[in-house]
Every structure is written in C-alpha cells, then in structure tokens.
Amino acid sequence: MRIGIPHMGSLYIALKSLFERLNVDYIAPPLTTQRTLSLGVKYSPEGLCIPFKLTLGNMIEVAELGADTIIMPGSYGTCRLGYYARTQAQILHDLGYDIEMVQLGVSEQKFFGLLKIIKRLANNAPWPRIISALRFGIKKMNTLDRIERAVQKVRAVEMVKGTANQVYTKALDAIDRADDYRKLKEVEAEYTEQLDRIDRNPEAKPLIVGITGEFYVVLEPFSNFDVESELGKLGVEVRRTTFTSEWMKFSLFLNPLGINEKDRIHKAALPYLKRDIGGDGWESVGEKVLHSKEYDGLIHLAPFTCMPEIIAQNIMPRTREDIPVLTIICDEQITKTGMLTRLEAFVDLLERKRRVGIHNRQAVTV
Ligand code: SF4
C-alpha cells in the first residue's frame, strides 16, 4: 500500500513522521505549484471551489508517483466537502488511476475513528506503536505551529524583509528531519533563537490584521498567494486562530469531551447568525465580532462559490462591531498583482484610520 494525502500547509511533515514510524509507504505530493492547479482545474467540474481543485491536483500528482491509496478528509453538514472524496475518486478512475479513496470523516468519528483508520492503513500494527507514532506526529505539528506563530510576529518588524521566511524554510526542513523528541526540542529552541536574533525596526508599531475564512484557504498558502507573507512585507502583524494543531487538539480530543473552542465564536455571532451554515461561515462572522476591538482590520478568505463564506461576507458589513474587512475571493482566476494592489490599498486605509482615528464603517470586497 502506498499512501498519498493532499497538501494543507505544513501538515505533510507531521504525516510523513507518523507513517514513517508505522513503516507505511507514504508519498508526500510534490509541493503545490501552478501545475497542480492546472491539473485540478482541467479535470474538475467548473463551479467547484478551489479546495476541491487543488486537492484533486495533489491527488493526480501523487498518483503519478505511484500512490495507490489516497486519504481525503470529509465531513457531514451543509458544505459540499462531504461529497468530494467520492467525486474525486470517480475522476481519478476515469483518468485511469487504480486508487482506493479512504474518506477520513473526522467530524463524525473523532479520535477513535482516526485510530481505526490508521490501524487499517498500518497493516494492523499494535496499538502502542500506533499511539506512539501519533503522539510524535502531533508533537511535530505543535512545534510547526509554534514556529509559525513566532514568524508571523517577526515578519512585521524585521529590518530586512524576507529574513524570517528564510529561517522558517530552514526550520521546516529541520523539523522534518528531527526523528526523536530530544532533537525536535533542540530544533525548536535553535530556530526560535534565530528568529529572536533577527534585526527589528525599533520604531515599528505594526498594524494588527486578523485572518479568517474557510479552513483550507486560510491554511494553504498556495491558495491565497501567501497572503500572510505579503502582509508581513507591508509591516502588518497577522493574527490567526486557525492552526492545524489547535484544530486537531479540539476536534480529536476535546470536542468529544464536550469542550468546544468554537462556543465563544458562535456566541459572538449569534445576534447576526443563529445557526451553523456549513463550512466555516459561522466562525467567520463570529471572529469579526469577537476581535473587532483587538484588530485594526480583518482579511476574510473565501473560495469562489463557497456558500458558507458568501453568507458570512454578506453579514459582515452589517454588524455593529466595526472593523474594516477585506474579502479576498480565492480561485484560479485571481492574480497575485491584483491581490497585492488590494492589500496595499487596504493597509493604506488602516494606517489612515489609525492616524486620524476614523471610525467609519468600511468593507471592501475583492
Ligand atoms: S467550506 Fe466552502 S470552500 Fe470549503 S469545501 Fe465547503 S464549499 Fe468548498
């Protein structure tokens, strides 16, 4: 069995470590590129969202490398994601790839569902080995996310733009190569120190901009033209509550115990939206309300044709809690130049608002 899983941010590093420890043949897809997008667009129904197209592109690339089993997350609810694994499997079969599609319904089966799937993929490996491999994979994911949080802060104030990203790229590689807990700890300490040593502008008072929106486009930099790095170049500090490690902690372990990290966000959204509308639409509205005093502005990432985010986009300008929101529609038609022009205009607006204390309602859509 040769397993492939579509990309989503740096998740492939944790997955690689998990499967290596279980002696499962795992093939990481090549990093997502324009070719991945072109393949996804070519073979997807036109009206589907960018997560479908990019993950399909990853699947084709990993099938070309010999994967015969592909894992695709799915969920119940009002979003189309629940149907994607089946549709993508059909497209791959039509293209002549003999693959088995394993749908990971994490939302329904939580931690025990995940364990059962890993056990099957790992050829019935003993439970202690599975738990140990999973623990180490989760540890890697936590380390990756802590380093990324540190990078988000440094990008905004570094003297030489791009330095934090260079350290980050090396940190990803070192975390990938770390093969035990001691080494992982050393790598984290080393790269945290390297980030701390980066020259910063002592006068900088960065704007704080939150990133919210649909889970995949928030976490997969290719799908949003690495909007966080671009904001860093403009001297903006990015705040984001969605991280893969946090999602795993709650979705797999705490939600089944009745602890829901989203309760606070949902409560904040209640005056404007009373129920789940699928995907992450409810959370997008709640994030705007919840962080309106803490952030200077909010970037809302919404895949084209994504109904939950379309609803959220229409509610956001009507909330009493007032911060400027820039909605960026992510699809294959968006160009980097177009996005940068809008980001620059948005940051100009936020700087002016901070300078003169304008409290007008501002909402911009790209
Ligand atoms: S939430 Fe939106 S973008 Fe994400 S899978 Fe569902 S429809 Fe597509």
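The values are calculated or read from the model by the stated rules, or taken from the named source; none is laboratory data. Since the model is a prediction, treat every value here as computed from it, not as a measurement. Neighbour counts run over all protein chains shown; Cβ positions are idealised from the backbone, glycine included. The accessibility values were calculated without ligands, DNA or RNA, using every heavy atom of the protein model including side chains. Shrake-Rupley method; radii C 1.70, N 1.55, O 1.52, S 1.80 Å.
Relative to its Kirkwood radius, the Cα radius of gyration of the stretch 245-344 gives an Rg/Rh of 1.01. Straight-line reach from Lys116: taking Cα to Cα under 27 Å and skipping same-chain neighbours fewer than 8 places apart, the lysines in range are Lys16, Lys139, Lys140, Lys249, Lys262. Please report the net charge: other residues with Cβ closer than 10 Å to the Cβ of Lys336, K and R +1, D and E -1. Residues near Lys336 contribute -2 overall. Annotation: extensible slack from Asp196 through Asp276 equals 24.7 nm (criterion: 0.36 nm per residue apart, minus Cα-Cα distance).
Projected label points at Gln333 and Arg86, each 7 Å from Cα along the beta carbon direction, are separated by 3.0 nanometres.
Counting DSSP beta bridges with both partners in the chain, what percentage is antiparallel, nearest 5? Around 5 percent antiparallel, to the nearest 5.
Go through Thr143, Thr242 and list them by solvent-accessible area, largest first, probe radius 1.4 Å.
Numbers: Thr143 0, Thr242 35 Å².
Sorted descending by solvent-accessible area, the residues read Thr242, Thr143.
Give me the distance between the Cα centres of the stretch 267-341 and the stretch 32-101, rounded to whole Å. So the two Cα centres are separated by 26 Å. Applying 1/(1 + (r/R0)^6) with r as the Cβ-Cβ distance of Asp179 and Glu261 and R0 = 30 angstrom yields a FRET efficiency of 0.45.
Averaging the Cα positions of each part gives two centres, and for the stretch 157-185 and the stretch 223-238 these lie 18 Å apart. For q = 0.19, 0.27 Å⁻¹, what log10 I(q)/I(0) does the stretch 209-266 give under the Debye formula with an equal point scatterer on each alpha carbon and no solvent? Cα-only, vacuum Debye calculation for the stretch 209-266: -0.76, -1.12.
The accessible surface of the chain, taken with every protein chain in place and a 1.4 Å probe, is 54 percent carbon and sulfur.
When each full DSSP H helix of the chain is screened for a Cα extent of at least 18 Å along its own axis and an average Kyte-Doolittle hydropathy of at least -1.0, the helices passing are 50-64, 81-94, 106-121, 127-157, 163-177, 336-356. Straight Cα distances below 23 angstrom link Lys42 to the lysines Lys53, Lys336, with same-chain residues fewer than 8 positions distant left out. Within the same chain, aspartates and glutamates fewer than 8 places from Lys205 are excluded, and of the rest, those with a Cα less than 15 Å from its Cα are Glu158, Glu237, Glu294, Asp296, Asp348, Glu351.
Of Gly258, Gly66, Gly82, the residue with the greatest mean-square motion in the GNM of the chain, using alpha carbon springs below 10 Å, is Gly258.
For the options Tyr12, Tyr216, Tyr272, a Gaussian network treatment of the chain with springs between C-alpha atoms closer than 10 Å singles out Tyr272 as fluctuating the most.
Report the rotationally averaged projected area of the chain based on its alpha-carbon convex hull, in square nanometres. Mean projected area for the chain: 17.9 nm², to one decimal. Compared with the rule-of-thumb size 2.2 N^0.38 Å for a compact globular protein, the stretch 123-192 has a Cα radius of gyration ratio of 1.34. For the stretch 185-230, the gyration tensor built on C-alpha atoms gives an oblate shape. Its axis ratio a/c (a ≥ b ≥ c) is at least 1.5, and a/b is not larger than b/c. Most fluctuating residue of Asn58, Asn124, Asn165 in a GNM of the chain with Cα springs under 10 Å: which is it? Comparing Asn58, Asn124, Asn165 in a Gaussian network model of the chain, the most mobile one is Asn124. Computed from the C-beta positions of Ser132 and Arg35 and an R0 of 35 Å, the FRET efficiency is 0.45 to the nearest 0.05. Shown here: the stretch 9-160, whose C-alpha atoms stretch 48, 45, 34 Å along the first, second and third principal axes, sorted largest to smallest. Note on the stretch 162-208: semi-axes of the ellipsoid equivalent to its C-alpha gyration tensor, largest first and rounded to whole Å, are 26, 11, 8.
Heavy-atom accessible surface of the chain, averaged per residue, reaches 47 Å², computed with a 1.4 Å probe.
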